[in-house]
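Take a look at the structure set out below.
The values are calculated or read from the model by the stated rules, or taken from the named source; none is laboratory data. Keep in mind that what you see is a predicted model, and the values were worked out from it rather than measured. Cβ sites come from the backbone with ideal geometry, for glycine too, and all protein chains shown count toward neighbours. SASA here: full protein model, heavy atoms, side chains in, ligands and nucleic acids out. Shrake-Rupley method; radii C 1.70, N 1.55, O 1.52, S 1.80 Å.
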Amino acid sequence: MADLDGNDGIRWLIDSYLNWVADEGVPVVEDVAVDLESAGTGPWPRMGVDGAFVHVHSRGDLCSTYLLDIPPGGATEQVRHMYEAVYFVIDGQGSTALETPEGSQLSFEWGRASLFALPMNAPYRLFNSSGRERARIAVVSNLPMVMKQFRDEDYVFHTDRHFPERWTDQRFYRGEGVFIPTREMRHMWETTLVPDVLTFDRLVDSPNRGAGSSNIQFVMGESTMRAHISAVGVGDYKKAHIHGEGVHIIQLGDAGYSLYWREGEEPRRVDWKFGMLHSPADQEWHQHFNVGDTPGRYLPISYGNFRYPFTKANVANVLHRYEVKSKIQIEYEDEDPGIRVLFNAERAKWQERHAAAETVS
């Protein structure tokens, strides 16, 4: 493995994760935002299917995303690994087969917009149940952190160690769950499988994050990974806020946009599309706008959840109360007036387009 700058043979500034990615020979997609539905993939022998690594520019140091394309009637190799992951189905349908610590088999089915997690280091295969269409799965994991720490792919992928305490109630693998009430923006749903995040109906109102906003946090499979659904109200937008790096946002709604900026900079814009991946940098202001007539959902995934926070920043985030004015959120009355002007213009354009489309139909 080479050092990053390749000069003078000095072994320094080595990124063991990026070196490992290069050795895998799989396509790498890098951009500010990436359309996970259309990103190109190529053969990934380790997984037995096509894949790609997706590195959004603001992804941080702990997590990254990769794609798996399972061909019609196909399946991945059986794999196991010492990193944790959350799986989101971009399109297709299929099943997951797990080997339990006792050596028996446990399986569950998934479809487009399913979200699931697996017990760490459990052997598993992913199967495409369609004979005609591919199945594409986006996997957000802490693989970068683990590969940088151990620098040994044999350890990461071939450790023969079960973690029985990571196996949850079997009903959670059927898509059932338990609601854990706490307070605004901190209510949780414990499960292992969410069959469809587009129709999941246990979101709880969070008015202090923005007009019409709602949210639910997931506790999935005793993992340290964090995932939650946030929704922006119809024809409304969230208040701008900041937090640490590493949050991978997968867009679930099409009618809207997000803005990112630092003080004194012009905002960069990401237009919404189902499967669009984007991410704020550390302490970068960002704000989400829904110009449509249905709630605009998005799916943030990161490392360090409410049950198992990983950093002090995770703990501070859990303890934060949005009903109290703070330096990490901009209230509507304090925002740049241009924010509302732009939103009103975008909302009006969306309504005009859809009114015209309805007239034609």
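Which residues, counting only those in the range 306-320, are out of contact with any helix residue (DSSP H, G or I) (no Cβ under 8 Å at 6 or more places or on another chain), open to solvent by 40 Å² or more (accessible area, probe 1.4 Å) and outside any helix (DSSP H, G or I)?
Correct list: R307, Y308, F310, T311.
Just to be sure before I move on: is E153 touching a residue at least 12 places away in the same chain (Cβ under 8 Å), under 14 Å from M47 (Cβ atoms) and open to solvent by 30 Å² or more (accessible area, probe 1.4 Å) in the structure I sent?
For E153, the condition - touching a residue at least 12 places away in the same chain (Cβ under 8 Å), under 14 Å from M47 (Cβ atoms) and open to solvent by 30 Å² or more (accessible area, probe 1.4 Å) - is met.
Can you tell me which residue within the range 239-255, out of those that are open to solvent by less than 10 Å² (accessible area, probe 1.4 Å) and not in a loop (DSSP other than H, G, I, E, B), is farthest from S214 (Cα to Cα)?
H248
What number of residues within the range 268-284 satisfy the criterion of being part of a loop (DSSP other than H, G, I, E, B) and open to solvent by 60 Å² or more (accessible area, probe 1.4 Å)?
The qualifying residues number 3.
What number of residues within the range 160-182 satisfy the criterion of being surrounded by 14 or more Cβ atoms within 10 Å (Cβ to Cβ) and either in contact (Cβ under 8 Å) with a residue 60 or more places away in the chain or assigned to a helix (DSSP H, G or I) (or both)?
7
Could you check the range 10-59 and list, in sequence order, the residues that are under 21 Å from F150 (Cα atoms), modelled with pLDDT under 95 and within 16 Å of the chain's Cα centre (by Cα)?
Matches in the range 10-59: R59 only.
Among the residues of the range 335-344, are any charged (D, E, K, R) and in a helix (DSSP H, G or I)?
yes
Exactly one of (1) touching a Cys at 6+ places or on another chain (Cβ under 9 Å); (2) open to solvent by 60 Å² or more (accessible area, probe 1.4 Å) is unmet by T294. Its number?
Here T294 clears every test but (1).
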